[in-house]
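A quick write-up on the structure given underneath.
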Amino acid sequence: MSQPASDPVDDPLIAGLNQPQREAVLTTEGPVLMLAGAGTGKTAALTARLAWLIRNRKAWPSEILCVTFTNRAAREMRQRVGQLIGDAVEGMPFLGTFHSIAARMLRRHAELVGLQSNYTIIDTDDQLRLLKQLIRAEELDEKRWPARQLAGFIDRWKNRGFNPADLDAAENELYANGKGQHFYRLYQDRLKTLNACDFGDLMLHMLNILRKHRDIIEQYQSRFKYVLVDEYQDTNQVQYLWLRLLAQTRQNICVVGDDDQSIYSWRGAEVANILKFEKDFPGAKVIRLEQNYRSTPQILAAASGLISSNSQRLGKTLWTERHAGDRLRVIGVWDAPEEARRVGEEIERLESEGAPLSQVAILVRAQYQTREFEDRFITIGLNYRIIGGFRFYERAEIRDALAYLRVIAQSADDLAFERIYNTPKRGLGTKTLEKLHVHARRRGIPLAAAAIEIADSDELPTRARNTFLALMRDFARWREMAGELSPAELVRTVLDESGYTDALQAERSAESAGRLENLTELSRAMEEYETLGDFLEHVSLVMDNDASDEAEKVTIMTMHAAKGLEFEHVFLPGWEEGVFPSQRSLDEGGLASLEEERRLAYVAITRARRRCTILHAANRRIYGQWTSSIPSRFVAELPEEHVDAETTLSGGASLWRAQWSEHSDPFADVARTSPARATSRGPGWQRAASREYDASPKRIAETTRSAASFAAKPRDDIEIGARVFHEKFGYGLVASQEGNKLEIDFESAGRKRVIDSFVKPAEQAG
């Protein structure tokens with residue numbers, strides 16, 4: 001059983017710590033679980049413990065394994081320990097992130113997994129390129145089985161400690177109808193050939209080495225006298241297995257974490273790792289850090305009451321010596337625009353009372369929710385910043401959609417055309433774009449007009465010509481439709497018919513699902529505008545918002561990104577069924593996902609030091625139709641004595657409680673079709689009705705705005721019968737001429753239809 005050393009109260013290393021923190025520092029021998037609630041000073045305790053071990057010669061710095069999750073946390077740990085004990089911390093080669101420490105170990109033992117010590121660590125782009133090569137080599141349809149999807153599965157398998165041989169039938173079936181194991185094995189073999197590994201391999205390779213080579217595991221078990229782990233609730237399976245092996249002999253492992261803040265299952269984290277710590281290390285001492293130094297008693301009581309509905313937790317009770325403070329406010333509004341207006345008004349009031357904007361945060365469940373607030377804050381001149389992502393209109397998928405719309409509105413917009421001419425992938429490479437640019441410059445015309453002319457010639461390979469012709473035919477049709485459809489209907493049609501939506505859906509990843517949600521929100525935003533021009537003008541004004549970096553700004557970010565941060569005033573919008581908890585999470589993960597969503601709510605509330613305001617809307621407008629939604633079940637789970645509720649809706653503040661009071665089982669509603677399901681931001685688009693359309697190149701050119709001003713004029717220095725030179729086809733004789741199009745009988749290529757800008761008289765060919 002772990003035993004604390006005598007408590008030297010006056011020692012400067014622990015003088016500023018409370019009793020449980022001191023106990024965590026001084027209990028040096030045996031397994032220790034430091035169960036640290038939000039804002040309870042776990043970093044101070046962990047840092048003091050590390051410094052105590054070194055200063056009191058319990059171990060040399062090189063004999064301590066101290067693992068963090070981020071490089072920032074590792075740097076902060078090193079700096080804090082350095083301030084406490086000086087330069088001794090510089091002798092800690094094994095203080096860092098899981099991946100950095102595993103990479104250091106793997107350099108020493110690389111040959112045991114078929115690598116050399118100078119192996120390369122490939123990034124995501126290199127990984128996708130390699131997987132695409134393998135997919136093509138196996139003649140698999142990448143549109144149906146995209147490389148990004150396979151990369152996601154491989155990352156998942158490695159996070160769980162699975163080698164190719166470890167995959168069961170269910171895992172194998174996940175990709176290409178039973179070829180998951182085959183492609184995983186091909187990928188690993190190819191990496192070894194390249195003397196490379198990906199980030200997942202760093203942990204997996206070392207786990208394999210430790211499992212298979214007894215001399216090496218014994219070497220590390222003997223070396224590491226103490227193991228310290230931060231954010232243990234965020235460990236995945238391979239990290240858990242790696243740590244358990246290293247600490248098994250001495251058992252001097254101290255892990256710090258909070259089961260109530262385990263919110264990263266989507267990247268492999270398993271809350272079960274912290275829940276079973278006492279089983280893995282019998283006799284472990286559990287030290288609860290429950291004194292909160294951040295939030296008011298009202299905020300803590302509300303958060304604790306909410307999280308108590310979870311069954312999978314170890315349990316603790318947060319308390320604080322701070323003044324009671326204000327109750328949580330729960331505000332019901334009519335719709336999302338009113339929600340943004342209300343938050344804007346509240347922030348302006350706080351600012352007038354002297355509250356710095358840097359201490360105000362809006363935490364959302366999904367990134368698409370930021371758009372409404374950004375638009376509102378631009379309107380009222382309130383400075384803001386987006387943390388952990390781009391502003392709504394700066395996100396890649398939104399920029400792509402806007403580029404399509406800009407080309408429809410103005411065919412001479414070369415920057416927009418260049419962005420999407422091969423997005424999604426159409427097989428049009430950089431050489432094709434270079435040829436477009438050359439012709440456009442020589443003719444003094446936009447790229448879109450150049451594409452039409454080149455598509456009606458033999459300048460490009462047949463496949464590229466047909467692709468360009470199809471693309472320009474689409475733009476011509478969309479341009480005509482812009483006068484018939486609303487902007488929202490137009491963007492849905494364009495994204496559908498261009499293949500952009502299908503490409504994202506094919507990825508079948510959490511990232512692509514989020515991008516689809518953002519595009520859904522874009523179409524919803526466009527419902528407020530009568531014309532495409534009006535909307536594009538609005539976007540230009542929003543994008544022009546460039547407040548000084550020195551100015552105070554409201555922070556907008558997701559709840560996930562806010563973990564570890566704190567603010568005086570926190571606003572939590574969108575607490576409605578289907579939005580939060582996320583309907584997609586419930587559909588995919590069931591009860592486990594519901595409990596993680598509740599932990600996310602707990603994290604969000606405990607970011608607030610002084611005031612926390614929760615908002616929910618009774619209506620959301622989707623594709624031009626109003627749909628009703630009910631408040632999140634999490635609202636009903638907040639203890640009434642710590643909540644002030646107000647609403648603009650009929651039925652009063654008790655409305656949301658009455659809607660949930662009939663449900664005794666907190667999970668019963670997951671299986672039901674809730675009223676909020678209709679408001680779920682699903683990825684689907686309404687398919688546009690088919691239309692009859694004149695698809696001739698001439699008709700396409702006519703519908704390309706401003707094309708008339710680029711009407712081709714024949715060159716006067718080239719005549720029928722003249723000998724000419726073409727950059728691609730060589731020498732030939734001009735057979736006929738129509739505008740700027742020439743038919744030439746080439747000496748080696750036969751008769752071709754070309755554009756005169758690529759032709760010069762033979763005597764000038766040099």
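The values are calculated or read from the model by the stated rules, or taken from the named source; none is laboratory data. Owing to the predicted nature of the structure, the values given are computational and were not obtained by experimental measurement. Methodologically, a virtual Cβ is constructed for each residue, glycine included, from the backbone with ideal geometry; neighbour enumeration extends over all protein chains shown. The area values use the complete protein model at the heavy-atom level, side chains included, leaving out ligands, DNA and RNA. Shrake-Rupley method; radii C 1.70, N 1.55, O 1.52, S 1.80 Å.
Scaled to the globular estimate 2.2 N^0.38 Å, the Cα spread of the chain, given as radius of gyration, is 1.13. What you get for region 79-129, charging only the Cβ of Lys and Arg (+1) and of Asp and Glu (-1), is a dipole of about 140 debye around the Cα centre. Between 0 and 90 degrees, the angle of helix 583-605 with respect to the longest Cα principal axis of the chain falls at about 60 degrees. Between the helical axis of 532-543 and the longest alpha-carbon principal axis of the chain there is an angle of about 50 degrees.
For K58, what charge total do you get from the other residues with a beta carbon under 11 Å from its beta carbon, if Lys and Arg give +1 and Asp and Glu give -1? Summing Lys/Arg as +1 and Asp/Glu as -1 gives +2. Using the Cβ of G114 as centre and a radius below 10 Å, the other residues enclosed give a net charge of -1, where K and R count +1 and D and E count -1.
Using the Cβ atoms and a cut-off under 14 Å, what net charge is assigned to the surroundings of G721, where Lys and Arg are +1 and Asp and Glu are -1? Charge balance near G721 sits at -3.
When the Cα gyration tensor is reduced to axis lengths a ≥ b ≥ c, the ratio a/c is 1.5 or higher for region 373-518, and with a/b above b/c it is classed as prolate. Using Cβ point charges alone (K and R +1, D and E -1), the dipole size of region 459-595 about the Cα centre works out to roughly 780 debye. With protein chains left intact and a 1.4 Å probe, residues in the chain average 43 Å² of accessible area per residue. Across all Cα atoms of region 1-120, the radius of gyration (one decimal) and Dmax (whole number) stand at 16.3, 54 Å.
Packing, as the average of other Cβ atoms within 10 Å across residues, places the peptides 228-238, 558-568, 184-194, 599-609 in the order 599-609, 228-238, 558-568, 184-194, highest first. Ranking Y393, Y731 from most to least accessible surface, computed with a 1.4 Å probe over the protein chains only, gives Y731, Y393. A viscosity of 1.002 mPa s and a temperature of 20 °C, combined with the Kirkwood radius over C-alpha pairs in the Stokes-Einstein formula, give region 284-347 a diffusion coefficient of 147 µm²/s. Note the angle between two axes, namely the Cα long axis of helix 237-247 and the longest principal axis of the Cα atoms of the chain, as a number of degrees from 0 to 90, rounded to the nearest 10. That works out to roughly 40 degrees.
Ligands, DNA and RNA left out, the 1.4 Å accessible surface of the chain is 46% carbon and sulfur atoms. Pairs with C-alpha atoms separated by more than 23 Å, drawn from the list K212/K276; K143/K435; K143/K728; K192/K212; K158/K425; K58/K212, are K212/K276; K143/K435; K143/K728; K158/K425; K58/K212.
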